[in-house]
2 protein chains.
Amino acid sequence: MGKNASAISPTRSEDYPGWYQQVIKVSDLSEPSVVRGCMVIRPYGYALWENIQKILDTRFKETGHENAYFPLFIPLSFLEKEAQHVEGFAKECAVVTHHRLAKDESGKLVPTSPLEEPLIVRPTSETIIGDSFSKWVKSYRDLPILINQWANVVRWEMRTRMFLRTTEFLWQEGHTAHETAQEARTEALKMLDVYEQFAKEALAIPVIKGEKTSSERFPGAVNTYSIEAMMQDGKALQAGTSHFLGQNFARSQNIKFMSRVGTEEYAWTSSWGVSTRLIGGLIMTHSDDDGLVLPPRVAPVHVVIIPIYKGDEDRSVVLEYCSSLARELRSRNYCGEAVKVKVDDSVANSGERNWNNIKRGVPVRVMVGARDIAASKVVVSLRSKETRDKIFMTREELVEKIGEVLSSVQEDLYQRALKYREDNTVEVSSLDEFRSYFASEKAGFAVCYAKDSATIQEKLDPYKVTPRCILPGDSKGKCIFTGEEGGVKTVFARSY
Amino acid sequence: MGKNASAISPTRSEDYPGWYQQVIKVSDLSEPSVVRGCMVIRPYGYALWENIQKILDTRFKETGHENAYFPLFIPLSFLEKEAQHVEGFAKECAVVTHHRLAKDESGKLVPTSPLEEPLIVRPTSETIIGDSFSKWVKSYRDLPILINQWANVVRWEMRTRMFLRTTEFLWQEGHTAHETAQEARTEALKMLDVYEQFAKEALAIPVIKGEKTSSERFPGAVNTYSIEAMMQDGKALQAGTSHFLGQNFARSQNIKFMSRVGTEEYAWTSSWGVSTRLIGGLIMTHSDDDGLVLPPRVAPVHVVIIPIYKGDEDRSVVLEYCSSLARELRSRNYCGEAVKVKVDDSVANSGERNWNNIKRGVPVRVMVGARDIAASKVVVSLRSKETRDKIFMTREELVEKIGEVLSSVQEDLYQRALKYREDNTVEVSSLDEFRSYFASEKAGFAVCYAKDSATIQEKLDPYKVTPRCILPGDSKGKCIFTGEEGGVKTVFARSY
């Protein structure tokens, strides 16, 4: 394998979307399925999702939420109760209309037994969960209700892309009900903070937190907040959203309670979610032309040990050494759990095994041959390094320092991604600057003052740019699009 | 609350099905939803399911299985490829036929954009997972493939009952592919053993393992094995199944591999599953006329501490004592995890709090009042005891022994259920005996020699009895229904 060899063809610079699909394929994360727009999440990809779930689930429980499960199907009449909500989802609904199959006259199997009312496969669960809330809440004493659901949802998207936008995807959706508007909004913002911290600490992805403009709001929400990440092509990825729903869904689902002063009031609700889309963001933040790069905190395997041997005799000595090294490494901790170690003796050729693990993004690779054993050393490579430098360590050093090594890899990935975003973010103060910045295909984020109004959209359309979020803070200035005062600091970018 | 008071009305003897619904309701496990046959799993019920999942998932991984995720939707043409399979599921399929909603001329929202091919919401995933297997398997070196999926499935049942039979339910489905028939059958039987051990050790439910008769076989299977549990009304509950699928699905999904001798062969597959139905079985095995009884191994809360106080001053002293007792108990382990303790100060009346926790089946209740604190003792009640005896212990004793107490409760529940089953199982050796046994509404299990043939069914119909499973072993005898030799030992019962 030459110095400039790359595991991935095309490379990022040759064809970024093609590179993305290839990284997923060679790392066995997922594959397309026969069902339009749906994917199969393969074991390696699902193990990554399980790690994401575990960390998030712990944080949700620490912040007082309980998991529950609500029906997959939503009656059409439920969706209709909130006018904006149904408008937002009507174009992408999978609709169940029959509950039986039977042969027609020509012997062909066709749907029979039509349902009285069509059922929608949930695109999100505000309405069906709201219906339960309406039964659970009688008095202010029953509030807040803090619920989370891990589930599959379906949105019939026209253009799909693995992990980023699929017809069916896996997610969590938090749904809460509160006594006051203030409490519901505080909850929405608190969970946005949980997402930000999670993205930073677990996924090593720096994100920008802010509020969505009115055109990008969740259908039925009063305010939508999001975290936005920058991919390596400069585009933004909305990585998580949190909504303050006001009393809109409480009204449509009749969630009422007796207040402290004896009046009947509608509850104030919030909802918030992240999905398997995070895996797409993870890939596009860290991976390189050699394939996947995974942050240790969520990697299914932390350390892969690759035995190198020639004959059978060599093999048994080297394998035994590798097994005992694996045991020793597993006895060490990283982030409160045992270090996850795999010995890879899967195929005959050790070079091929090394490449397989590079492509799968295993954070630390350890090569062990008979000569290394004799010299009491191991050859360590870190997947996070763009160079393919080898680090020579003694076995004891590796075991002693493995936790530190993993922590420093995690931190390096975060710092690199942060620097990338900073290097590719500009402040612009005029429409000309804005235009010339986005004239480039490789533009990143532009921050400027803008009015949150539909009228600016036409100036963005030629560049395929959208407002990603309004930054927190009170700073106001002249809108670069309309010249009006009172513009708010807004991040613009092309996006997924 | 008088000596004969009962939290549940009706009682088991008054109306068993009514009692079952009531136990679920008062313990907040689940509730009916607006969607026909679907239920809402409330936080307490979902916590129970999470505990079940966690233990099973560990056992699946220990036996070499990996989790993955496959599409919710199955193309109609896939289901059709296996003739028996589609025949078995055609009558209970939720069918997606459209992917959009729009207003018709009268302004009514209706499904539009029909799909070219209808999609079935998965009732089980042999066909769609088989399609992936066909891509993953090239050579015998790629085998075995050992996959598990945690998912929701939909079967449009006519009569539904919470947990036992719902339109949508949660389950795990294992799917494996092997080089030989022997290996695939061994896998199916191994996972049946895993289910049996899990039922015994985690759920404290004794089960009978055996093979289903041909009439009760999974559509498309060569052999179906099951675990059968006895409920307190004597009926059987099929609590888990494992199938040897031969090459039926490999043929329909084209799962082929190059064998060791260079020939192209179809793989041999198995599948196996348990579902939220286990929670129904758990309820009907252990609960009593006071409500739910939970085995500690899967209980969301092990110990509830109920503070008893009069005035505000009393309250703060007692609550502080309870918090410190809770901390101490949480520092102890049960089955390798911290003891789960809750201090219940939810409502004013301590008697009401006590009843709430009885109804929710918390294994150990600890009452603490000011006088108990002064006397350095605690008053302990075990939910597993039919009597409401109180046990007086010192605080130190309770903390010291809590692990043992929980273990003995778990064991007691198992032994009680086992005794119940043994007391309600008979061996019968003639059709007359069989008839007189099942003349009673309260009959349990009858074991006898029988031929596995459709002809015996008519003799069972008047009693609403079905063969539950054929017991393992080579013992043969005269069929009590047909008089033919070569009958196999079969368990008969009414069932859920």
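The values are calculated or read from the model by the stated rules, or taken from the named source; none is laboratory data. If you're wondering where the values come from, they're calculated on a predicted model, not measured in any experiment. Backbone-built Cβ (ideal geometry, glycine too); neighbour counts: all protein chains shown.
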Is it true that B:Leu325 is surrounded by 23 or more Cβ atoms within 10 Å (Cβ to Cβ) and either assigned to a helix (DSSP H, G or I) or in contact with a helix residue (DSSP H, G or I) (Cβ under 7 Å, 6 or more places away or on another chain) (or both)?
no
Any residue at all in segment B:318-337 that is closer than 30 Å to B:Arg421 by Cβ and either modelled with pLDDT under 95 or charged (D, E, K, R) (or both)?
yes
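How about segment B:456-477: which of its residues are among the charged types (D, E, K, R), touching a strand residue (DSSP E or B) at 6+ places or on another chain (Cβ under 7 Å) and surrounded by fewer than 17 Cβ atoms within 10 Å (Cβ to Cβ)?
So the first thing to find is which residues in segment B:456-477 are among the charged types (D, E, K, R), and the list is B:458-459, B:461, B:464, B:468, B:474, B:476.
Retained after the next criterion (residues that are touching a strand residue (DSSP E or B) at 6+ places or on another chain (Cβ under 7 Å)): B:468, B:476.
Correct list: B:Lys476 only.
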I'm trying to understand the selection: among the residues of segment A:62-94, which are within 9 Å of chain B (Cβ to nearest Cβ), touching a Ser or Thr at 6+ places or on another chain (Cβ under 7 Å) and either at pLDDT 95 or above or part of a loop (DSSP other than H, G, I, E, B) (or both)?
A:Phe70, A:Pro71, A:Ile74
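For segment B:370-398, which positions are outside any loop (DSSP other than H, G, I, E, B), of a type in the set (Val, Ile, Thr) and over 22 Å from B:Arg315 (Cα atoms)? So that I can check it myself, show each step before the final result.
We begin by selecting, within segment B:370-398, every residue outside any loop (DSSP other than H, G, I, E, B); these are B:370-374, B:377-382, B:391-398.
Still in the list and also of a type in the set (Val, Ile, Thr): B:373, B:378-380, B:391, B:394.
Answer for segment B:370-398, where residues must be outside any loop (DSSP other than H, G, I, E, B), of a type in the set (Val, Ile, Thr) and over 22 Å from B:Arg315 (Cα atoms): just B:Ile391.
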Within segment A:164-174, identify whether any single residue is assigned to a strand (DSSP E or B), assigned by TED's automatic domain parsing to the domain that holds A:Asn248 and farther than 23 Å from A:Arg122 by Cα, and answer yes or no.
no
Answer yes or no as to whether B:Glu179 is among the charged types (D, E, K, R) and either more than 27 Å from B:Lys61 (Cβ to Cβ) or out of contact with any helix residue (DSSP H, G or I) (no Cβ under 7 Å at 6 or more places or on another chain) (or both).
no
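Look at A:Thr176 and say whether it is of a type in the set (S, T, N, Q) and surrounded by 23 or more Cβ atoms within 10 Å (Cβ to Cβ).
Values: of a type in the set (S, T, N, Q): yes; surrounded by 23 or more Cβ atoms within 10 Å (Cβ to Cβ): yes.
Judged against the criteria, A:Thr176 is a match.
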What residue, among those in segment A:133-162 that are charged (D, E, K, R) and more than 22 Å from A:Arg277 (Cβ to Cβ), is surrounded by the most Cβ atoms within 10 Å (Cβ to Cβ)?
A:Asp142
If I filter segment A:116-139 for residues that are in contact with a strand residue (DSSP E or B) (Cβ under 9 Å, 6 or more places away or on another chain), more than 14 Å from chain B (Cβ to nearest Cβ), closer than 21 Å to A:Phe70 by Cα and not in a strand (DSSP E or B), do I get at least one hit?
yes
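A quick yes/no check of all residues on (1) at pLDDT below 95; (2) crowded, with 24+ Cβ neighbours inside 10 Å:
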position: A:Pro219; (1), (2): yes, no
position: A:Ser259; (1), (2): no, no
position: A:Gly291; (1), (2): no, yes
position: A:Pro307; (1), (2): no, yes
Yes or no: B:Lys442 within 14 Å of B:Val491 (Cα to Cα) and basic (Lys, Arg)?
no
Can you name the condition, by its number, that A:Val426 falls short on among (1) surrounded by 12 or more Cβ atoms within 10 Å (Cβ to Cβ); (2) touching a residue at least 24 places away in the same chain (Cβ under 8 Å); (3) of a type in the set (Val, Ile, Thr); (4) under 30 Å from A:Phe492 (Cα atoms)?
(2)
Which residues, counting only those in segment A:429-455, are in contact with a helix residue (DSSP H, G or I) (Cβ under 9 Å, 6 or more places away or on another chain), exposed (fewer than 11 other Cβ atoms within 10 Å of the Cβ) and either outside any helix (DSSP H, G or I) or not assigned by TED's automatic domain parsing to the domain that holds A:Gly477 (or both)?
A:Ala439
With the structure loaded, tell me whether B:Gln182 is out of contact with any strand residue (DSSP E or B) (no Cβ under 9 Å at 6 or more places or on another chain), assigned to a helix (DSSP H, G or I) and farther than 17 Å from B:Val465 by Cα or whether it fails that test.
no
If B:Phe392 satisfies all but one of (1) more than 27 Å from the chain's Cα centre (by Cα); (2) at pLDDT 95 or above, what's the number of the condition it fails?
(2)
If we keep only residues of segment B:351-369 that are touching a Lys or Arg at 6+ places or on another chain (Cβ under 8 Å) and part of a helix (DSSP H, G or I), then the residue surrounded by the fewest Cβ atoms within 10 Å (Cβ to Cβ) is B:Asn354
Since A:Ala151 meets every condition but one in (1) facing chain B (nearest Cβ under 9 Å); (2) part of a strand (DSSP E or B); (3) under 25 Å from B:Lys108 (Cβ atoms), which condition does it not meet?
(3)
Could you please tell me which pairs satisfy a Cβ distance under 8 Å, a separation of 6+ or placement on different chains, a first residue in segment A:103-130 that is surrounded by fewer than 14 Cβ atoms within 10 Å (Cβ to Cβ), and a second residue that is among the hydroxyl-bearing types (Ser, Thr, Tyr)?
A:Pro114/A:Thr97; A:Glu117/A:Ser77
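Which count do you get for residues in segment B:154-204 that are of a type in the set (Phe, Trp, Tyr) and more than 14 Å from every other protein chain (Cβ to nearest Cβ)? Talk me through it step by step, then tell me what you get.
First pass over segment B:154-204, keeping only residues of a type in the set (Phe, Trp, Tyr): B:156, B:163, B:169, B:171, B:195, B:198.
Adding the requirement that they be more than 14 Å from every other protein chain (Cβ to nearest Cβ) leaves B:195, B:198.
Of the residues in segment B:154-204, 2 are of a type in the set (Phe, Trp, Tyr) and more than 14 Å from every other protein chain (Cβ to nearest Cβ).
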Taking the residues in segment A:32-46 that are outside any helix (DSSP H, G or I) and within 7 Å of chain B (Cβ to nearest Cβ) as candidates, determine which candidate is nearest to A:Glu157 (Cα to Cα).
A:Cys38
Take A:Glu201 and decide whether it is modelled with pLDDT under 95 and either closer than 25 Å to A:Ile52 by Cβ or of a type in the set (Phe, Trp, Tyr) (or both).
no
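When you look at A:Ile52, is it outside any strand (DSSP E or B), more than 9 Å from chain B (Cβ to nearest Cβ), touching a strand residue (DSSP E or B) at 6+ places or on another chain (Cβ under 6 Å) and not aromatic (Phe, Trp, Tyr), yes or no? Even if it seems obvious, please write down each step before you answer.
Values: outside any strand (DSSP E or B): yes; more than 9 Å from chain B (Cβ to nearest Cβ): yes; touching a strand residue (DSSP E or B) at 6+ places or on another chain (Cβ under 6 Å): no; not aromatic (Phe, Trp, Tyr): yes.
Here the answer is no, as A:Ile52 does not meet what is asked.
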Some residue of segment B:159-176 being over 27 Å from B:Ser30 (Cβ atoms) and of a type outside the set (Val, Ile, Thr)
yes
Filtered residue count, segment A:237-277, keeping only those that are closer than 30 Å to A:Gly45 by Cα and among the basic types (Lys, Arg):
1
Matching residues in segment B:15-37 (crowded, with 19+ Cβ neighbours inside 10 Å, of a type outside the set (Gly, Ala, Ser) and under 17 Å from the mean Cα position of the chain (by Cα)) number 4
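Given segment B:236-305, what strands (runs of 3 or more DSSP E) lie entirely inside it while holding 3 or more residues that are within 19 Å of B:Asp193 (Cβ to Cβ)?
Numbers: elements: B:236-244, B:256-258, B:264-266, B:268-275.
It comes to B:236-244, B:268-275.
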Give the residue, chosen from A:Ala229, A:Ala204, A:Ala199, that is touching a Phe, Trp or Tyr at 6+ places or on another chain (Cβ under 8 Å), among the small types (Gly, Ala, Ser), in contact (Cβ under 8 Å) with a residue 40 or more places away in the chain and buried (at least 23 other Cβ atoms within 10 Å of the Cβ).
A:Ala204
